[in-house]
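Contents: one structure, followed by commentary.
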Amino acid sequence: MQEVAHSYLNELNDIQRQAVVQMDGPVMVIAGPGSGKTRVLTYKIAHMINEGVAPWQILSLTFTNKAAREMKARIEKVVGSGARKVWAGTFHSLFARILRVEAHKIGYPNDFTIYDTDDTKSLVTEIIKSMDLDKKVYSPNAVKARISASKSNLITPKAYVKNEDMMAYDRMNRRPMTFKIYEKYVDRCKRAGAMDFDDLLLQMFRLLYENPDNVRDKYQRQFQYVLVDEFQDTNFLQYQILKQFVNYKGSAHNICIVGDDAQSIYSFRGATIENILQFETDYPDLKTFKLEQNYRSTHHIVEAANGVISYNQRQIEKKIWTDRVGEDKIKLIKTLSDTEEGKRVADMIIEQKHRHNLANQDIAILYRTNGQSRIFEEYLRRQNINYRIYGGLSFYQRKEIKDILAYMRLTINPQDDEALKRVINYPKRGIGKSTVDKMIAFANDNEVSLWQSIPNVQLSKRATSLLAEFAALVATFRKKAAEGANAYDLSLFIAKKSGVTALLKADNTMEGLNRLENINSLLDGVKEFVENDEILDEENPLDKSLTAYLQSIALITDFDANDPENTDVVTLMSTHAAKGLEFKSVFVVGLEENLFPSYMALSSPDQIDEERRLFYVAITRAEEHLTLTYANSRYQYGQMRFNDPSRFLEEIPPENLDSMIPLKKKLDFGEPKVLGNFQPSRMKQLSKVDVDHKNFRPDDPAKIEAGMRVMHLKFGEGKVVDIDERRVATIEFPQVSVNSQKRIMLQYAKLQILD
DNA sequence: GGGGGCTATGGGGGG
DNA sequence: CATAGCCCCC
């Protein structure tokens, strides 16, 4: 290292500086809350660039895109505009970017669709229905969670069936067919040219692991330095990808992970602290740095945090400390109801602003569930306090926005079944449920997308012509796209020709006007995208196509949206979303049993520990003033409920607490109400079809004629009743059920001729 | 096939 | 409480 006195190094304490200058080899930074972790990461990257590492050789994985942007801006201040070329972003966004270039090498179109949670859920629901399984037993959310967990642990559908743990768990939960739903789900996504959120990781892994065209070497060579923030919230799959980047013959293993086991709060999406322990095993020569000095909070807050987290079972040995002596103890407020809680918090915000000279932006209200925001919103509005709610339903999740986006998606990728299902009859064009059901059945039988089923599925004259009209409409969108229309012109065209804007214009209710306005904002956004000439994507600088636009927004969250006009606002967000942020004054609200900790977590000590870490994250967001509130009664799920104060409140050392309420004498509200009544019913039996897989050899479809007996992998033996002019065969499969006729496109069919 | 009204059901955190 | 899905009628 050169002996140049880089001024930024003087802004660091000893340990921070050591962590920054340790560029080479495996590095682990254990960083307590407020210990200057972001500063270390930022300066470390700046330092690398100063030491001659090319910015594009640095891969920096952060938890939000916003964090990545802020980090880049700070690096830019130290090293100049080269900072923009650092590969900084979330796992999902950076891998999506790579897959846009490479996906064709693993059998996906490069302009694949990204399925969001709703798309995934709707597809899972459809598959469950198609298998005649009981939706009450096979709850789509539960199945979806199983699929996600499998992908996050690199368990393919094939491996799933052989995995005794997975199968036993499903049997125990009376969902033994989960493996089959998983298999079908994977097929359907593939057919639709779609990746779900987990696929962005899984397919990235496959790309590197299967290494077509030596693509792995390309990225191994490129990413000389890998940094991972919030490593405690990575899952198994993410870690395997990191190892693909870093572990190869002759590698210097330049990987730096930053994390804090005490802030691990995402196990529900597969995150595991095991990764930290595994990292120590995988890289025994790693250098470890522990950042324990907290610069953010007063001693009352830091001591409360230490006190609370000490109730957890497993943790890496460390104790955060501060030399900031605070005047205010932590305030604990009890109210009779949730509405009174809202009013009290709004009143206290007014008071704090005066007494401590705080701006709105110094203040945050943090809650366990997004549903709690409404009451606070109401009282802040009454007090004329500007606020902004993060999370919950984001702009891009609104119905009218998703409708337009579905048309856009269909324009780019007509195989996108979820988009097609969404808009095929919106606005109403006479294509109803039964038509769509027939399309789905046909598409499944032939293993094609819904779009491909349109010219071939057998329907009434009326339905056929309506479908053709719809297909022609989408075709005009596609034609315009192929002619090179920019995203804005095409979006306007789509909004108009699809009939969506006309429909909303005819709706004169407040809701209709609102929706129209939202669509206009969306179009404004597209316009901005087209007119913005700042180069954001170095690989593909001035692509103004609809494809490029869809890519740019696919992974945007509510968080990333900027509202430059309104910066002085009180922040309302979930405790999860608050990770990494800090405020002078923080209100953590709804501290009641069944809410925080969540009732979902009560039955498992591990999950209670995670709730406790979440509480730890919440209180350590505060710099000077921390207020905790709970209500005796609250409307939950349309019912008045009475919850005890949260157990976490008793875990705060009394000397740091300013409370009027003697916590030890808990009020008795009687037995908590039993939540949820889960009564599993029986699933229907799938019919058995006898197929000899080993001796199955499909014949050339051209040879198939009416009258032949044929074998189909899924439906068993069948008799060809008829073949029409488009080479669509009607085949009777007696093993499926009596009189079961399927329509099969011979072009795609795998059929063996029996005689 | 569309639409209105009713009932049953679920209900967390997020990329 | 919100919404999906069902039934019924046109």
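The values are calculated or read from the model by the stated rules, or taken from the named source; none is laboratory data. Fair warning: this is a prediction, and the values are worked out from it, not measured in the lab. Neighbour counts run over all protein chains shown; Cβ positions are idealised from the backbone, glycine included. Keep in mind that these areas ignore ligands, DNA and RNA; they rest on the heavy atoms of the full protein, side chains included. Shrake-Rupley method; radii C 1.70, N 1.55, O 1.52, S 1.80 Å.
In whole Å, what are the extents of segment A:392-538 along the principal axes defined by its C-alpha atoms, from largest to smallest?
Sorted from largest, the Cα extents of segment A:392-538 read 48, 43, 30 Å.
Taking the Cα centre as origin and putting +1 on Lys and Arg beta-carbons and -1 on Asp and Glu beta-carbons, what dipole magnitude results for segment A:298-412, to the nearest 20 debye?
On the way: 20 positive and 15 negative charges, 63 e Å.
Once rounded to the nearest 20, the dipole reads 300 debye.
Which lysines, if any, have their Cα less than 16 Å from the Cα of A:LYS694, not counting same-chain residues under 8 positions apart?
Of all the lysines, those that pass the test against A:LYS694 - Cα under 16 Å, at least 8 places apart if same chain - are A:LYS714, A:LYS750.
Tell me the carbon and sulfur percent of the accessible area for segment A:1-102, rounded to whole percent, probe radius 1.4 Å. Mind showing how you got there, number by number?
Numbers: 1910 of 3950 Å².
Carbon with sulfur: 48 percent of the solvent-accessible area.
Taking R0 as 30 Å, what FRET efficiency do you get between A:MET172 and A:THR288 from their Cβ-Cβ distance, rounded to the nearest 0.05? Walk me through the numbers before you get to the answer.
Numbers: r = 40 Å, r/R0 = 1.34.
After rounding to 0.05, the efficiency reads 0.15.
DSSP loop chymotrypsin sites (Phe, Trp or Tyr not before Pro) in segment A:191-291 with at most 14 other Cβ atoms within 10 Å of their Cβ, which ones? It would help to have the intermediate numbers written out before the result.
Details: sites: A:PHE197, A:PHE205, A:TYR209, A:TYR219, A:PHE223, A:TYR225, A:PHE231, A:PHE236, A:TYR239, A:PHE245, A:TYR248, A:TYR266, A:PHE268, A:PHE279, A:PHE289; in loops: A:PHE223, A:TYR248, A:TYR266.
Here the chymotrypsin sites (Phe, Trp or Tyr not before Pro) that fit, given the DSSP loop and packing criteria, are A:TYR248.
Sorting check: for A:88-100, A:65-77, A:718-730, which peptide has the highest mean count of neighbouring beta carbons within 10 Å, and how do the rest follow?
Working: A:88-100: 21.5, A:65-77: 18.5, A:718-730: 16.1.
The peptides rank, most packed first, as A:88-100, A:65-77, A:718-730.
If amide H atoms are built 1.01 Å from N in the plane of the peptide, which residues on other chains or at least 5 residues away come under 5 Å of the amide H of A:TYR295?
Sorted by chain and number, the residues that satisfy this are A:SER35, A:GLY36.
Compare the peptides A:589-598, A:43-52 by average per-residue count of other Cβ atoms within 10 angstrom and give them in order, highest first.
So the order, starting with the most tightly packed, is A:589-598, A:43-52.
What number, in nm² with one decimal, is the all-direction average of the projected area of the convex hull of the alpha-carbon atoms of segment A:74-223?
Computed as one quarter of the Cα hull surface, the answer is 10.9 nm².
Mind listing which GluC sites (Glu not before Pro) in segment A:271-377 are in a DSSP loop and have 11 or fewer other Cβ atoms within 10 Å? Intermediate results must be reported in sequence, preceding the final value.
Details: sites: A:GLU274, A:GLU280, A:GLU292, A:GLU303, A:GLU317, A:GLU327, A:GLU340, A:GLU341, A:GLU351, A:GLU377; in loops: A:GLU292, A:GLU317, A:GLU327.
Here the GluC sites (Glu not before Pro) that fit, given the DSSP loop and packing criteria, are A:GLU317, A:GLU327.
Between segment A:254-312 and segment A:143-185, how far is it from one alpha carbon centroid to the other, in angstrom?
Rounded to whole Å, the Cα centres lie 31 Å apart.
If I model a spin label at A:PHE493 and A:SER604 as a point 7 Å from the Cα along the Cα→Cβ vector, what separation in nanometres do I get?
Placing both labels 7 Å beyond Cα along the Cβ direction yields 5.0 nm.
Just how much of A:ASP338 is accessible, in Å², when a 1.4 Å probe is used and the result is rounded to the nearest 10?
Accessible surface of A:ASP338 is approximately 10 Å².
Report the charge-dipole magnitude of chain A in Debye, nearest 20, computed about the Cα centre from +1 at each Lys and Arg Cβ and -1 at each Asp and Glu Cβ. Intermediate values should be presented prior to the final figure.
Details: 104 positive and 104 negative charges, 436 e Å.
Approximately 2100 debye in magnitude.
How long is the gain from A:TYR635 to A:TYR209 if the chain were fully straight, where each residue apart is worth 0.36 nm and the alpha carbon distance is subtracted? Show your work: numbers first, answer last.
Details: separation 426, 0.36 × 426 = 153.36 nm, distance 5.04 nm.
Extra length from A:TYR635 to A:TYR209 when fully extended: 148.3 nm.
If you average the sequence gap of Cα pairs under 8 Å that are 6 or more apart and divide by the length of chain A, what percent do you get for the contact order? Could the numbers behind the result be given before it?
Working: 1189 pairs, mean separation 115.5, N = 755.
Result for chain A is 15 percent.
Charges on Cβ only, +1 for Lys and Arg, -1 for Asp and Glu, centred on the Cα centroid of segment A:147-246; of A:THR156, A:GLN220, A:VAL246, which one is farthest towards the dipole's positive end?
Value: A:THR156.
Relative to the first principal axis of the alpha-carbon coordinates of chain A, what is the inclination of helix A:373-382, with its axis defined by its Cα atoms, in degrees from 0 to 90 and to the nearest 10?
Approximately 60 degrees, to the nearest 10.
Counting only heavy atoms of protein chains, what accessible area per residue, in Å², does chain A have with a probe of 1.4 Å? Walk me through the intermediate numbers first.
Numbers: 35410 Å² over 755 residues.
The answer is 47 Å² per residue.
Quick check for you: which residues of segment A:425-454 have the amide N under 11 Å from the point 7 Å beyond the Cα of A:ALA706 toward its beta carbon?
No residues fall inside that zone.
Quick one: Cα convex hull volume of segment A:59-113, Å³ per residue?
On the way: hull volume 4.6 nm³, N = 55.
Here the figure is 83 Å³ per residue.
Return the loop-located trypsin sites (Lys or Arg not before Pro) in segment A:285-321 (DSSP other than H, G, I, E, B) with at most 11 other Cβ atoms within 10 Å of their own Cβ; answer none if there are none. Let's see the in-between values first.
On the way: sites: A:LYS287, A:LYS290, A:ARG296, A:ARG314, A:LYS318, A:LYS319; in loops: A:ARG296, A:ARG314, A:LYS318, A:LYS319.
Here the sparse-neighbourhood loop sites are A:ARG314, A:LYS319.
Take each of the peptides A:573-580, A:416-423, A:461-468, average the number of other beta-carbon atoms within 10 Å over its residues, and list them starting from the highest. Mind dumping the intermediate values first?
Numbers: A:573-580: 21.0, A:416-423: 24.4, A:461-468: 14.8.
Descending packing order for the listed peptides: A:416-423, A:573-580, A:461-468.
Compute the helix-to-body angle for A:117-130: its Cα long axis versus the longest principal axis of chain A, expressed 0 to 90° and rounded to tens.
40 degrees
Report, in debye and to the nearest 20, how large the dipole of segment A:40-176 comes out about its Cα centre when Lys and Arg carry +1 and Asp and Glu carry -1 on their Cβ. Walk me through the numbers on the way to the answer.
Details: 23 positive and 14 negative charges, 41 e Å.
Dipole about the Cα centre, nearest 20: 200 debye.
Using a 1.4 Å probe on the protein heavy atoms, what percent of the accessible area of segment A:194-258 belongs to carbon and sulfur?
Working: 960 of 2170 Å².
The computed percentage sits at 44.
So in chain A, what percent of DSSP beta bridges are antiparallel if you round to the nearest 5?
Close to 30 percent.
For chain A, count the residues as N, evaluate 2.2 N^0.38 Å, and divide the Cα radius of gyration by that value, please. Intermediate results must be reported in sequence, preceding the final value.
Details: Rg = 28.6 Å, N = 755, 2.2 N^0.38 = 27.3 Å.
For chain A, the normalised Cα radius of gyration comes out at 1.05.
Between A:ALA502 and A:ARG462, what FRET efficiency comes out of the Förster formula 1/(1 + (r/R0)^6) with R0 = 22 Å and r the beta carbon distance, rounded to 0.05? Can you show the working numbers first?
Numbers: r = 23 Å, r/R0 = 1.04.
For R0 = 22 Å, the calculated efficiency reads 0.45.
So between A:TYR748 and A:GLU725, what do we pick up on full extension, going 0.36 nm a residue minus the alpha carbon distance? The partial results should precede the final answer.
Working: separation 23, 0.36 × 23 = 8.28 nm, distance 1.54 nm.
Fully extending the segment from A:TYR748 to A:GLU725 adds 6.7 nm.
Taking the 0 to 90 degree range and rounding to the nearest ten, how far is the long axis of helix A:461-482 tilted relative to the main principal axis of chain A, both from C-alpha atoms?
50 degrees
Structure shown: which of A:LYS402/A:LYS480; A:LYS85/A:LYS243; A:LYS136/A:LYS334; A:LYS151/A:LYS544; A:LYS190/A:LYS402 lie over 29 Å apart, alpha-carbon to alpha-carbon?
A:LYS136/A:LYS334; A:LYS151/A:LYS544
Would you work out which of A:ALA702, A:SER740, A:ALA168 lies farthest towards the positive end of the dipole of chain A, given +1 charges on the beta-carbon of Lys and Arg and -1 on that of Asp and Glu, about the Cα centre?
Result: A:SER740.
Once R0 is set to 60 Å, what does the formula 1/(1 + (r/R0)^6) return for the Cβ-Cβ distance between A:SER737 and A:SER7, expressed as a FRET efficiency to the nearest 0.05? Write out the running numbers ahead of the final one.
On the way: r = 78 Å, r/R0 = 1.30.
According to the calculation, E is roughly 0.15.
If the viscosity is 0.890 mPa s and the temperature 25 °C, what Stokes-Einstein diffusion coefficient in µm²/s follows for segment A:570-640 when Rh is the Kirkwood radius over Cα pairs?
Here the translational diffusion coefficient equals 188 µm²/s.
On full extension of the chain, what length is gained from A:LEU154 through A:ASN384, given 0.36 nm per residue of separation minus the C-alpha to C-alpha distance? Intermediate values should be presented prior to the final figure.
On the way: separation 230, 0.36 × 230 = 82.80 nm, distance 5.07 nm.
Between A:LEU154 and A:ASN384, full extension yields an extra 77.7 nm.
Just from the alpha-carbon atoms, what are the Rg and Dmax of segment A:267-364 in angstroms?
Cα-based Rg and Dmax for segment A:267-364 come out at 19.3, 56 Å.
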